[in-house]
Each structure stands twice: as structure tokens, then as C-alpha cells.
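Novice: My questions will all concern the structure given below.
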Amino acid sequence: MELSGIGVSPGIVVGKAYVVAGNALSVPRIRIDVDSIDTEIRRFREALSATAQEIRQLQKKVAAEAGDEHAHILEAHVLVLEDAILIEKTIDRVRKEKLNVDHVFSEVLEQSARVLSRSTDSYLRGRAEDVRDVGRRLLRNLLGKKEKSLADIREEVIVVAHDLSPADTAGMHKEKVIGFVTDIGSRTSHTAIMARSLEIPAVVALKDISHRIKRGDRLIIDGTAGVVIINPDTAVLKEYKEKRIYFEVKEKKLRELSRLPAQSLDGHAVQLLANIEMAGDVPSAIAHGADGIGLYRTEFFYLDRMEPPSEEEQYEAYRYVASRMAPHPVVIRTMDLGGDKFVSPLEIPKELNPFMGWRGIRFCLEQPEIFETQLRAILRASTEGKLSIMFPLVSSLEELREAKRFVAKAKGDLVRERKSFNENVEIGVMIETPSAAMIADILAEQVDFFSIGTNDLIQYAIAIDRINERVAYLYRPAHPGVLRLIKRVVDAGHSKGIHVDMCGEMAGEAQFAAVLLGLGVDGFSMSPVAIPTIKSIIRSVTLSEAKKMALDVLNLSTADEVERVLGSRGVVRE
Ligand code: PEP
Ligand code: MG
């Protein structure tokens, strides 16, 4: 049986399945008499505090093994346990309905999870799983059932689960796990991040695969194609063994490439940088030969918690990344959050059009304390390496000026407090709104660099919601309108003497590497795994060929024509 999901960590692996069960707990429904109500409630309170303690312990373990950023995911779990509405509702129903607390709690919890899972916001939908996860843990404590843990793994296996949270993978024998397969998840879910940092293949979003696979089944995972094959026959096994050899040879070649400079055949050098989401992604950036970090998305810090992260916590992470990457540059993007990312997992505020709403720099400028805390942390870490600050979603000069005023204020405060920082820390702006692209010449006078965020620029320029599947076919980086905007931004930046990078997905897409080189992009920032491929393309063209290609495509009228030209000029010379 072959199933398709999302391949979130590349590579091919064949192995035995280890199914992490424990999702389905059978909870009895028992009538209780009035005298037992208090005992039930006490049992519930004890289970709440035992579970909170368990999670706190896990949090410590996760922090030690995977870093604070992963550990904070568990903060949301603690919050669920502290949710007064959930607790009171449960106790109230136990009193009124005279039913055992296990049963009542599992119903109350499922109700909350269902509300969340129906949200149109993918972040909140994800929180439904947190609620269920905590619920299962609490129920296990109420029912006195021991948790099956990944720490029990003794032989090499592929872990199959509904989902994997940091709580699940804490204490896991990493050397025994050769792949991950899960029912749900996305490129940014914990499973995906973990798999990439362990460099093992993983496929997520396979719907109900954890129910289809039995422990011991033989599996093939193709983490590149996003395919899982259950109990393959010998012909398929042979085919995948060959694919695997091919993949490994290619990987080896690409790794060798990582030591070579990113320059065109005629010696024009560019920077190939990594996009990261947490300090733990740095080893992968280094392994793939990144010339620095072109985009450190700091949102991860702020998710799944009620309180924003402290200055100290951020300082530690930024300092670590800066010093590990030194002398290479690290661009820290100030957080690009929407208003709904802060709230308790059980409330659902909504914006009608969040992508056009209260996010990015708009949010920061209205949250002085949170913004200043982040800026202070970045500035203090700037003594450790080559850090720079970048603002997301700027759409006007006023916003940029205002953001820079915050930096100046933070610097002033640090001086008064006698705390050191790099006075000359560079400031850049993301060009990801069409208005910013159109006033790039004006913005360029105020900053040290640009980074084009094509993910947003494309959605705003073509007016298509980047997560709406109905209009996904219109989302085309090859749209002549997009290419012209990019050209405009690069030319404006260069005419004012600043460098222009790109950190949207387009920068890591092989098809566009040569044309972006020709348009004059100075730095390409992408997911670390994409770096070797882009490098091999850059190294296989001359700058003049690339410039000619850029000129040619700029004269075309449609995305189809552009893609045809780029496709037919497969530039890689082996
Ligand atoms: C972008 O918009 O291209 C970008 C890099 O930012 P994000 O994907 O984080 O919005
Ligand atoms: Mg963006």
C-alpha cells in the first residue's frame, strides 16, 4: 500500500514500524453517588497537579536536549491544565450529572478541542492537538495507566504516530530512530523540525496512517517525495534501494559542493544563506554550507505561550546563533506575528483578513514593551558576531522611521545601563509589500540592506491569499509582474549602494536561481537543504549568461512563457 503525505525531511529509508499508540484511551462512564462527588473532585485536582508536574519535568528534559525553544511548546500544555473554564466546567458537571470525573473531563476537553479544530486559522487548529495531548496525559493519570514511551525503543525503527510533540520525543533513543511518519503535521510542526535536525527522512500529514500500520510492518519512507509504502514487495524494495543509492550519491556530491564558493563560472560571487526558525537549526545551516543566516524567523519564540519571551531568553538564543555562525552574518527578523498568536489556546479572536491585518511591524509598533525587549536582546547579542536587524512587512517610510526610533531608544537605554552592544549593527528591511517595492529607492536611503520576501510579495502583488487552495494556481513567482517588482527593488537598492538579498521560497527554487543571479540579487536565503542545489546552478552559469536570461524573461508577457523559457534552459552543467 502506498500513501502520500508531505515530505518534510528528505531521504529514503527502509525499516520496521514502531507504532506509538496510546491515542485511544477507553474511558468508562460511571454513575456516582452524592457522597463520592468530593472524592472525584479531589482525584481530579490531584491528577491536574500530577500532570502539571509531569509536564514541568518533561520541559526540563526537552530544554536540556533540544533547547528552550522546543521546551516552550510545552508551555501551552501547562496552560491547558490551568484553564479555569475547563476545570470549573468539569467540576460543575460532575456535581450536576453525578458522573465519574474521567468521563466528564474527556467530554469537556473534546468539546474545546473540536471548537479549535474547526477554526479557519491553521495555528489554532494546531492547538487542538495540544489540548488533546494534555487531555490524554491527564486521563492516563486519572485512570492510573502508564504511558508508553519512545524511550522503550531498543532496535532501529521508523516511528509511526498520530503526531509527535516535544513531550513524545524527549528521552527518545535518537540513534535508534531512522524515520518518522505521522497522521498530521506540516513543514513547521515539531516532527518536521526534529526530523530535519536529526537528518532522518520524515513524511507527515498522512491522515490515518497510524491506524493502518501495525508494529513490525515493513515500511519504506521517501521523505523527498512524501511517500510511505507499507509492506512493499521485493520489486518495489529493489526499486527504492536503487533510489536510495542514487539519493546518497547525490547528497554526497552536494555536500562536497558545500565547501566550494558560491560563484558563477566567471567569478561573480553571491551569498547563499539559510533561513532558520530556531537556534537548533544552526547545525543544519552549517552542514549545508550556508554563508550565514539570511532570515532568522523569531516568531517561534512567541507561539504557544501567554507571556512573551524574556529579554534574557532571547539574548541567549541570539548570542548562540551569532557566535556559532561568526564571522558569518546573521539577520534576525523581528517577530512577524498576527494578533491572534498570543492568546490562550482556548480563546479564538478572529480577523477577517489576517494577512492584511495586524501583523509584522504593525503589531510591533503598537506593542512597545514586547518590541523593545526583542530589540534589546538582539542589540546585546550583537557583540558576539555579525548580527543585523530586519523589519517585516514594512509598507511605508513612516513605519520604517518609527521602527528605527525604537532601535535608537533601545540603544540609548543600553548605553545608560552600561550594557555593551555593537553601535554599528546593520538595519535592513524586508521588501514584501508592493508599496515597499514601489518606494524601494526611498527606503534604501534609510537602511543597510533589503531582503525581498517573495512569499508575501507575491501574494500581495497578485492578490492571492497564500494559503487559499482555490487560488493557489495563480500564485506564480514567474509572473512578469513579480519579476518586474524584483528588478525594481534590486536596481533601487544598488543605485543607493546597498545589497539586496531574497529570503522568500523563490530564492531556493532551482528554476529561478540563474534568472535571480542575472537580475542582480546579492544574497539568496533559503531552507538549508536547498543550498547545495542552488550553489550547483550558480556555479554552472556565467554572469553574462544569467543577465541575458534575465533580460529575455523580463520581455515576456505571461508566467507560462517565463516558465517555458526557464524550464528549457536547464542550466545545471554536471
Ligand atoms: C516572505 O514573505 O517571503 C518571508 C520570507 O517571510 P515569511 O514567509 O516568514 O512571511
Ligand atoms: Mg513574509
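Novice: Of all residues being away from ligand 1 (no atom under 16 Å from the Cβ) and of a type in the set (Gly, Ala, Ser) in the range 290-332, which is surrounded by the fewest Cβ atoms within 10 Å (Cβ to Cβ)? Just the residue, please.
Specialist: Result: SER310.
Novice: Given (1) in a helix (DSSP H, G or I); (2) among the basic types (Lys, Arg); (3) within 15 Å of ligand 1 (Cβ to nearest atom), identify the lone condition not met by LYS487.
Specialist: (3)
Novice: Show me the helices (runs of 4 or more DSSP H) found entirely inside the range 194-300 where at least 2 residues are under 30 Å from MET390 (Cβ atoms).
Specialist: 234-258, 282-287
Novice: Would it be correct to say that HIS494 is closer than 21 Å to MET438 by Cα and in contact with a strand residue (DSSP E or B) (Cβ under 8 Å, 6 or more places away or on another chain)?
Specialist: yes
Novice: Against the definition (within 20 Å of ARG564 (Cα to Cα), within 16 Å of ligand 2 (Cβ to nearest atom), crowded, with 19+ Cβ neighbours inside 10 Å and at pLDDT 95 or above), how does ILE486 come out, yes or no?
Specialist: Here the answer is yes, as ILE486 does meet what is asked.
Novice: A follow-up question, please. Taking the stated definitions as given, is SER264 more than 16 Å from ligand 1 (Cβ to nearest atom), touching a residue at least 12 places away in the same chain (Cβ under 8 Å) and within 24 Å of LEU198 (Cβ to Cβ)?
Specialist: Numbers: more than 16 Å from ligand 1 (Cβ to nearest atom): yes; touching a residue at least 12 places away in the same chain (Cβ under 8 Å): yes; within 24 Å of LEU198 (Cβ to Cβ): no.
For SER264, the condition - more than 16 Å from ligand 1 (Cβ to nearest atom), touching a residue at least 12 places away in the same chain (Cβ under 8 Å) and within 24 Å of LEU198 (Cβ to Cβ) - is not met.
Novice: Need the failing condition index for THR454 against (1) away from ligand 1 (no atom under 16 Å from the Cβ); (2) among the β-branched types (Val, Ile, Thr); (3) more than 21 Å from PRO368 (Cβ to Cβ), just the number.
Specialist: All conditions pass for THR454, except number (1).
Novice: Go through the range 421-439 and give me each residue that's outside any loop (DSSP other than H, G, I, E, B) and more than 16 Å from ligand 2 (Cβ to nearest atom).
Specialist: Our first condition is that a residue be outside any loop (DSSP other than H, G, I, E, B); within the range 421-439, this holds for 426-431, 434-438.
Correct list: GLU426, ILE427, MET438.
Yes/no matrix, rows are residues, columns are (1) touching a strand residue (DSSP E or B) at 6+ places or on another chain (Cβ under 9 Å); (2) within 26 Å of LYS16 (Cβ to Cβ):
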| residue | (1), (2) |
| --- | --- |
| LEU237 | yes, yes |
| ARG244 | yes, yes |
| SER258 | no, no |
| PRO261 | yes, no |
| LEU265 | no, no |
| HIS268 | no, no |
| GLY280 | no, no |
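Novice: Whether any residue in the range 18-36 is more than 30 Å from ILE209 (Cα to Cα), of a type in the set (D, E, K, R) and part of a helix (DSSP H, G or I) is what I want to check.
Specialist: Looking for residues that are more than 30 Å from ILE209 (Cα to Cα), of a type in the set (D, E, K, R) and part of a helix (DSSP H, G or I), one finds at least one in the range 18-36, hence yes.
Novice: If you scan the range 1-18, which residues turn out to be at pLDDT 90 or above and of a type outside the set (Ser, Thr, Tyr)?
Specialist: Hits for the range 1-18 are GLU2, LEU3, GLY5, ILE6, GLY7, GLY11, ILE12, VAL13, VAL14, GLY15, LYS16, ALA17.
Novice: Please enumerate the residues belonging to the range 440-464 that are more than 14 Å from ligand 2 (Cβ to nearest atom) and under 26 Å from ASN353 (Cα atoms).
Specialist: ALA440, ILE462, ALA463, ILE464
Novice: Whether any residue in the range 364-383 is part of a helix (DSSP H, G or I), within 16 Å of ligand 1 (Cβ to nearest atom) and without any contact (Cβ under 8 Å) to a residue 60 or more places away in the chain is what I want to check.
Specialist: The answer is yes, given that some residue of the range 364-383 is part of a helix (DSSP H, G or I), within 16 Å of ligand 1 (Cβ to nearest atom) and without any contact (Cβ under 8 Å) to a residue 60 or more places away in the chain.
Rundown of residues vs (1) surrounded by fewer than 23 Cβ atoms within 10 Å (Cβ to Cβ); (2) in the same structural domain as SER323 (by TED's automatic domain parsing); (3) at pLDDT 95 or above, yes/no style:
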| residue | (1), (2), (3) |
| --- | --- |
| LEU375 | no, yes, yes |
| MET390 | no, yes, yes |
| ARG401 | yes, yes, yes |
| LYS404 | yes, yes, yes |
| GLU426 | yes, yes, yes |
| GLU432 | no, yes, yes |
| MET438 | yes, yes, yes |
| ALA472 | yes, yes, no |
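Novice: Something else now. On the basis of being touching a helix residue (DSSP H, G or I) at 6+ places or on another chain (Cβ under 7 Å), within 16 Å of ligand 1 (Cβ to nearest atom) and either free of Cβ contacts under 8 Å to residues at least 12 places away in the same chain or of a type outside the set (Phe, Trp, Tyr) (or both), does LEU272 make the cut?
Specialist: yes
Novice: So, one more: Identify the residue in the range 281-339 that is among the acidic types (Asp, Glu) and within 16 Å of ligand 2 (Cβ to nearest atom) and, among all such residues, is nearest to HIS77 (Cα to Cα).
Specialist: First, the residues of the range 281-339 that are among the acidic types (Asp, Glu): 281, 291, 299, 304, 307, 311-313, 316, 336.
Those left that are additionally within 16 Å of ligand 2 (Cβ to nearest atom): 299, 336.
On the way: GLU299: 19, ASP336: 23 Å.
So, considering only residues that are among the acidic types (Asp, Glu) and within 16 Å of ligand 2 (Cβ to nearest atom), the one nearest to HIS77 (Cα to Cα) is GLU299.
Novice: Condition test on ILE464, is it more than 17 Å from VAL500 (Cα to Cα), in the same structural domain as ASN555 (by TED's automatic domain parsing) and not in a strand (DSSP E or B)?
Specialist: Yes: the conditions hold for ILE464.
Novice: With the requirement that a residue be assigned to a loop (DSSP other than H, G, I, E, B), surrounded by fewer than 18 Cβ atoms within 10 Å (Cβ to Cβ) and modelled with pLDDT of 85 or more, what does the range 95-147 give you?
Specialist: LYS98
Novice: Can you tell which of ALA478, ALA492 is in a helix (DSSP H, G or I) and at pLDDT 95 or above?
Specialist: The match here is ALA492.
Novice: I'd like the full set of residues that are of a type in the set (Ser, Thr, Tyr), under 30 Å from ASP217 (Cβ atoms) and surrounded by 13 or more Cβ atoms within 10 Å (Cβ to Cβ), limited to the range 228-271.
Specialist: If the condition is that a residue be of a type in the set (Ser, Thr, Tyr), under 30 Å from ASP217 (Cβ atoms) and surrounded by 13 or more Cβ atoms within 10 Å (Cβ to Cβ), then TYR240 is the only one that fits.
Novice: From VAL447, VAL394, which residue is on the phi < 0 side of the Ramachandran plot, in a loop (DSSP other than H, G, I, E, B), touching a Gly at 6+ places or on another chain (Cβ under 6 Å) and modelled with pLDDT of 95 or more? Even if it seems obvious, please write down each step before you answer.
Specialist: Working: VAL394 fails: touching a Gly at 6+ places or on another chain (Cβ under 6 Å).
It is VAL447.
The values are calculated or read from the model by the stated rules, or taken from the named source; none is laboratory data. Quick caveat, the model's predicted, so the values are computed rather than measured. FYI the Cβ positions are ideal-geometry reconstructions off the backbone, even for glycines, and counts take in every protein chain you see.
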